[in-house]
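S.K.: Below is the structure I would like to discuss, written out as structure tokens.
The values are calculated or read from the model by the stated rules, or taken from the named source; none is laboratory data. Keep in mind the model is a prediction, meaning the values are calculated, not measured. Note that we place each Cβ from the backbone using ideal geometry, even for glycine, and neighbour counts take in every protein chain shown.
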């Protein structure tokens, strides 16, 4: 009878350990699922809310323990897999937080600069700056060019209106393309106020067109050539912020650095050049890379 009681107690003890371990694993899995949902909401905002299928899955395991396998082996294996998954998710969460922190720093820095600039403009204290040189063309070829110093006025209002009307307006089956090219011709003719009004209209009327990125970038170029680096910097930053995948987003970051140099903010310009290399380094062409390097030298950026 004593022997029977001893065996029963031993059996009960052997079953309690796996149950306790299993409960601990269930708690960790629940916590892990909750954290995974939080990460998904950050990485895929507005998504369907379903889990992403893992690219690597564990191999098939034999059903049931093999001969001589301890009763707790399945729980131990599951605990090891959960621990590995927790470590991977901690790394992913850390990378996301670092990226968000860097973007937040850039946004806060530029928000403070923009606020100060708006205050100066409201007081009518915007300082003039020398004209842009070594700029990039906005037409199909986009080749290096030099622009002469802009004059304060190209003529009277009637003369300017006549010049603008005298420019040929393209007429193709793509109205957005035509509107942009007319704005480009106004800019090339140094009719900057007229070009700025036209380019703003292109962006407002065609936000999904590829030329919207071109128009917003050229708007900043026009302000820069007109000697208004404060307004130019805002236009360039808006192009990068609102259309980061646009074809002229990298160019806007480069010209934003140029505008900041003209505003006496070389340290901020270096941050912008660093952002350009981090985000678009593998995509930009050799011409833009060379111009960025010249900008870094002008701003005396540390390597």
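S.K.: Name the helices (runs of 4 or more DSSP H) wholly inside segment 222-303 in which the number of residues that are within 19 Å of the chain's Cα centre (by Cα) and surrounded by fewer than 18 Cβ atoms within 10 Å (Cβ to Cβ) is 2 or more.
M.R.: Helices (runs of 4 or more DSSP H) meeting the threshold: 229-242, 266-280.
S.K.: Taking residue 164 and the conditions (1) at pLDDT below 80; (2) surrounded by 17 or more Cβ atoms within 10 Å (Cβ to Cβ); (3) in a loop (DSSP other than H, G, I, E, B), which numbered condition does it fall short on, given that it satisfies the others?
M.R.: Condition not satisfied by residue 164: (3).
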